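Comments concern the structure below.
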Amino acid sequence: MNIHEYQAKDIFRRCGIPVPPGEVATTPEDAERIARTFGTRVVVKAQVHAGGRGKAGGVMLANTPADARTMAQQIFGLQIKGLTVTKVLVTPAADIASEAYAGVIVDRASKRAVFMVSPAGGIDIEEVAATMPEKILRLPVDPRYGLLPFEASRMGFFLYTDAKHARAAAKILRQLWQAFLSSGASLAEINPLVVTTGDDVLALDAKMVIDDNELERRPEIAALRDESAENASEVAARKASLTFIKLDGNVGCVVNGAGLAMATMDLVKYYGGEPANFLDIGGSSNPEKVVHALRIITRDRNVKAILFNIFGGITRTDDVANGIVAATREHPLSVPIVIRLTGTNEEIAVQILQQNGFTALIDMDEAVQKAVRLATGGKAA
């Protein structure tokens, strides 16, 4: 689960991280009022779950309250990576002497949390890794002990040669670790971590991603979810207990099981197509899940063909077939559908589909190739 910058900053503050003050505005008039209370130059920042806000015009510097109102008017309604800006954060502008990067992320390779720090901040850490890898220090954290003081100091002195700044950074890194742990995060990031011209070390920005598996035992964190800032299809999928991630391709995929879903997406790309989504209906035999899955996929105008790839173990293929029939009766399809079913009750499933005008394939490669051909304008074999 993504949370907004202002929400991440609230968590940072509770953990003692020095963060500039700020208030959220939902109208240009709010932005002007907030800027007036600060009585200084402010930054107006779009609050959406997307990176690259500055490049998209979602971060602006306002010299006066009237400027803040004008900037907010320009930012509200802005589309940033498909998300519409409906709120902005108004925060005092800082006079920056230097920018650094600090973050902690769950690393699957080492099976532990890993800190990454760099004296090259204010830009994407991926760009630093690609062009200046020597400017990144990675430090895995032993889960038995957490981030130890000497480890935080090592990173602080990697960031700064000035001992005062290094000690301040080390303290912030220990507090960042606490924020990461206490919220069940999979990512906690400060970019940039700045030294101001007044010689203060501040977390000027904040980004956090929360592990969905942590939400059930952290209701106060789960309450931070802003569905209005999320992709509508992903919200609908979550409510239907489906695992769904929207992608940019044109082959809509409905699969049971995460491993098979990944293999299906790989095969779509192998045969020259592009998957439009990851969608796992799981091991349930509830036909209603299939109905919800088709509703979600058909909302995507980029989808030119739909591919069902079902391997029936726990999942009964006849229930999937019934779900396909029910969904297409309720909402007739405007794009072709390719169905591959094999496993539990396969014969019954094929019979159900044939009685309702569908055909089913058994071979996975054949089904994927057919879906790719249809999605790219080719004719079905």
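The values are calculated or read from the model by the stated rules, or taken from the named source; none is laboratory data. Note that this is a predicted model, so its numbers are computed, not measured. Neighbour counts are summed over all protein chains in view; Cβ atoms, including those assigned to glycine, are modelled from backbone coordinates with ideal geometry.
Kindly evaluate Arg301 against the criterion of being modelled with pLDDT under 90, farther than 15 Å from Val254 by Cα, part of a loop (DSSP other than H, G, I, E, B) and not acidic (Asp, Glu).
On the way: modelled with pLDDT under 90: yes; farther than 15 Å from Val254 by Cα: yes; part of a loop (DSSP other than H, G, I, E, B): yes; not acidic (Asp, Glu): yes.
So Arg301 passes the test.
None of Leu176, Leu147, Leu193, Leu202 is assigned to a helix (DSSP H, G or I), at pLDDT 95 or above and buried (at least 19 other Cβ atoms within 10 Å of the Cβ) except Leu176.
Criterion first (under 18 Å from the mean Cα position of the chain (by Cα), surrounded by 15 or more Cβ atoms within 10 Å (Cβ to Cβ), of a type in the set (A, V, I, L, M) and not assigned by TED's automatic domain parsing to the domain that holds Ala170) does Ala236 satisfy it? Against the criterion (under 18 Å from the mean Cα position of the chain (by Cα), surrounded by 15 or more Cβ atoms within 10 Å (Cβ to Cβ), of a type in the set (A, V, I, L, M) and not assigned by TED's automatic domain parsing to the domain that holds Ala170), Ala236 qualifies. Taking Arg112 as the residue in question, decide whether it is under 24 Å from Gly184 (Cα atoms) and either out of contact with any Ser or Thr (no Cβ under 9 Å at 6 or more places or on another chain) or of a type in the set (Phe, Trp, Tyr) (or both). So Arg112 fits the description; yes.
Does Leu215 satisfy the criteria of being surrounded by fewer than 22 Cβ atoms within 10 Å (Cβ to Cβ) and modelled with pLDDT under 95? Give the derivation first.
On the way: surrounded by fewer than 22 Cβ atoms within 10 Å (Cβ to Cβ): yes; modelled with pLDDT under 95: yes.
The answer is yes for Leu215.
For the stretch 92-125, the set of residues classified as touching a residue at least 60 places away in the same chain (Cβ under 8 Å), out of contact with any helix residue (DSSP H, G or I) (no Cβ under 8 Å at 6 or more places or on another chain) and not in a loop (DSSP other than H, G, I, E, B) consists of Ile96, Ala97, Ser98, Glu99, Ile105, Val106, Ile125, listed by residue number.
I need a count of the residues in the stretch 35-44 that are more than 15 Å from Glu5 (Cβ to Cβ) and buried (at least 22 other Cβ atoms within 10 Å of the Cβ). Give the steps one after another, and end with the answer.
Residues of the stretch 35-44 that are more than 15 Å from Glu5 (Cβ to Cβ), as a first pass: 35-41.
Next, only the ones that are buried (at least 22 other Cβ atoms within 10 Å of the Cβ) stay: 35.
Residues that pass the stated criteria total 1.
Results for (1) charged (D, E, K, R); (2) closer than 21 Å to Ile125 by Cα; (3) at pLDDT below 95, shown as yes or no for each residue.
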{"site": "Ala8", "(1), (2), (3)": "no, yes, no"}
{"site": "Val19", "(1), (2), (3)": "no, yes, no"}
{"site": "Pro28", "(1), (2), (3)": "no, no, no"}
{"site": "Ala50", "(1), (2), (3)": "no, yes, yes"}
{"site": "Arg53", "(1), (2), (3)": "yes, yes, yes"}
{"site": "Asp67", "(1), (2), (3)": "yes, no, no"}
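Looking across the stretch 335-381, the residues that are over 22 Å from Met265 (Cα atoms) and loosely packed, with under 12 Cβ neighbours inside 10 Å come down to Glu347, Gln355, Gly357.
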